[in-house]
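Below is one structure, written out as structure tokens; comments come after it.
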Amino acid sequence: MNRLGTVIGFTFRQKAKTKSFIITTLVLALLITLGMNLPYIISLFKGEAAGGAGGSGKTAAEHLRLALIAGSRTEIADQLEKFTQEQSNPAATWVRYDNAQAPAMQQALKDGKLQGYVKLKEPAAKEETFPQVEYVSVEKEPSPAVITLLQTGLQAAKVKAILGENTLTNDQVREISTPVAVNSREVDSPSEAGRAAGTKDKATSMINYGLVYILMILFFTSSMMTGNMIASEVTSEKSSRIMEILITSVSPLIQMFGKIIGIFLVGLLQIAVFAAVVCANLMLPHNGAILSSAGLDLSQLNTAVLSYGLIFYILGYFLYAVLFAAVGSIVSRTEELGQAIMPITVLSLAAFYIGIFNIAAPDTMFIKVAGYIPFFSPTVMLLRIGLERASLLEIWLSLAILVASILFFGWLAAKIYRTGVLMYGKRPTFKELRKAMKAYKI
């Protein structure tokens, strides 16, 4: 056990201190930071963020000054202005003008004091009483927030215009104008009977979709990086003949699992750095505002996805790691390593693409079956758990198959590693490996 700890510590320190690991981790952390703050950076260039263009320190909503051309519909315009003033953070402020061709309004648009105008026009048909509304913006794409404000404000004005000014209170008008929320769910299926008693059917939030995407990408990139580390480490030691010295002091089995666990800790360290970077960026005030405006609530995060995601990551890592170590042990030159590990790379890519491309169809028979195939289950079951499509029985059955597969492939990899590390020259055939493995008992 002491020797195993020595190999683990040596491998961890050696890999964690390499320039390639440090530079890769810093570059990826920088890219994560840049990606998470990109909307805010773009808003700075557009002058929409606090302290943006002009340094006025106003919010993006307060910068949208729009002309309001009421024509003969002054009562509708009054209702819209009143509705806007009642909002805690309105998307626009209104400036009244007589018509769109008013010289003062055209000059304000030219000087950038106005970002567009809203015009109340006569109804398109005689039987209609409510005016047509035209929103003209100086931007290529009109603000969705302004359109939402117009729709809700004018809907309230329309209700009051039809029912009468004194018939309803403002709260009643607001209640009528609020769309009815409809929750949808699937028809009861046999799989629902096996779900945990506390599980409730509810709409999956966008934040959980994003979490599933991130965890699948993280599993794929981390397993590929660490797997290549393991294979290249074993091959380089074998090609430089250092393995002949190491094998006299430490058994091949301890070497293999020491390297796997040591590099696993390196991978966990990298993930911890990325998680800290993500949390730090989410705590920034402007990112919180962007998430709120997009309707994303971090409190809706499914903690079960994080828990099971960690379990499936650890088990999936060890499954692929023992395969990478076994393949690395039978390769004598680093130049041949890429070709040798290609089958494992294809399996890892298949697991990633099956999960990513089926995120909109987690209940197909193909996905259900793939959830029990150990090479694919780390991503596929994560997908089904994140979208609340997997029962507790299905999850634990998949985990049991994955653990059994790790034990089997670990035993097989240990035998291959023990015989492969001292076989030089051309890559051994399956017949040669089988013959050598028979002589070694674990």
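If I go through region 386-422 residue by residue, how many of them are at pLDDT 85 or above, closer than 19 Å to residue 209 by Cα, touching a Ser or Thr at 6+ places or on another chain (Cβ under 9 Å) and not hydroxyl-bearing (Ser, Thr, Tyr)?
Total satisfying the criteria: 0.
Would you pick out the residues in region 372-396 that are without any contact (Cβ under 8 Å) to a residue 40 or more places away in the chain, touching a Gly at 6+ places or on another chain (Cβ under 9 Å) and not small (Gly, Ala, Ser)?
376, 380, 384
Within region 114-128, how many residues turn out to be among the basic types (Lys, Arg) and either in contact with a strand residue (DSSP E or B) (Cβ under 7 Å, 6 or more places away or on another chain) or not in a loop (DSSP other than H, G, I, E, B) (or both)? If you could, list the steps in order and put the result at the bottom.
Going through region 114-128, the residues among the basic types (Lys, Arg) turn out to be 119, 121, 126.
Cutting the leftovers down to either in contact with a strand residue (DSSP E or B) (Cβ under 7 Å, 6 or more places away or on another chain) or not in a loop (DSSP other than H, G, I, E, B) (or both) gives us 119, 121.
Of the residues in region 114-128, 2 are among the basic types (Lys, Arg) and either in contact with a strand residue (DSSP E or B) (Cβ under 7 Å, 6 or more places away or on another chain) or not in a loop (DSSP other than H, G, I, E, B) (or both).
For region 71-113, give me the residue count where each residue is outside any loop (DSSP other than H, G, I, E, B) and either in contact with a Gly (Cβ under 9 Å, 6 or more places away or on another chain) or over 21 Å from residue 148 (Cβ atoms) (or both).
Looking only at region 71-113, we keep the residues that are outside any loop (DSSP other than H, G, I, E, B), and these are 74-85, 93-97, 103-111.
Restricting the remaining residues to those that are either in contact with a Gly (Cβ under 9 Å, 6 or more places away or on another chain) or over 21 Å from residue 148 (Cβ atoms) (or both) gives 74-75, 77, 79-84, 96-97, 103-111.
Total satisfying the criteria: 20.
Somewhere in region 320-335, is a residue more than 21 Å from residue 403 (Cα to Cα), charged (D, E, K, R) and open to solvent by 40 Å² or more (accessible area, probe 1.4 Å)? Steps first, answer last, please.
So in region 320-335, the residues more than 21 Å from residue 403 (Cα to Cα) come out as 328-335.
With charged (D, E, K, R) added as a condition, the list becomes 333, 335.
Filter once more, so that each one left must be open to solvent by 40 Å² or more (accessible area, probe 1.4 Å): 333, 335.
Within region 320-335, one or more residues are more than 21 Å from residue 403 (Cα to Cα), charged (D, E, K, R) and open to solvent by 40 Å² or more (accessible area, probe 1.4 Å).
Within region 358-380, is even one residue in a helix (DSSP H, G or I) and either at positive phi or at pLDDT below 85 (or both)? Talk me through it step by step, then tell me what you get.
Step one: list which residues in region 358-380 are in a helix (DSSP H, G or I), which gives 365-370, 377-380.
When the remaining residues are screened for being either at positive phi or at pLDDT below 85 (or both), the result is none.
Looking through region 358-380, none of the residues is in a helix (DSSP H, G or I) and either at positive phi or at pLDDT below 85 (or both).
When residue 245 is evaluated against the numbered criteria (1) under 26 Å from residue 345 (Cβ atoms); (2) at pLDDT below 85; (3) open to solvent by 40 Å² or more (accessible area, probe 1.4 Å); (4) β-branched (Val, Ile, Thr), which criterion, by number, is the only one it fails?
Every listed condition holds for residue 245 apart from (1).
Checking the conditions here, which among 408, 375 is of a type in the set (Phe, Trp, Tyr) and either under 24 Å from the mean Cα position of the chain (by Cα) or surrounded by 20 or more Cβ atoms within 10 Å (Cβ to Cβ) (or both)? Steps first, please.
On the way: 408 fails: either under 24 Å from the mean Cα position of the chain (by Cα) or surrounded by 20 or more Cβ atoms within 10 Å (Cβ to Cβ) (or both).
Exactly one residue qualifies, and that residue is 375.
The values are calculated or read from the model by the stated rules, or taken from the named source; none is laboratory data. Just so you know, these numbers come straight off a predicted model, no measurement behind them. Neighbour counts run over all protein chains shown; Cβ positions are idealised from the backbone, glycine included. Please note that ligands, DNA and RNA were not included when accessible areas were found on the heavy atoms of the full protein model with its side chains. Shrake-Rupley method; radii C 1.70, N 1.55, O 1.52, S 1.80 Å.
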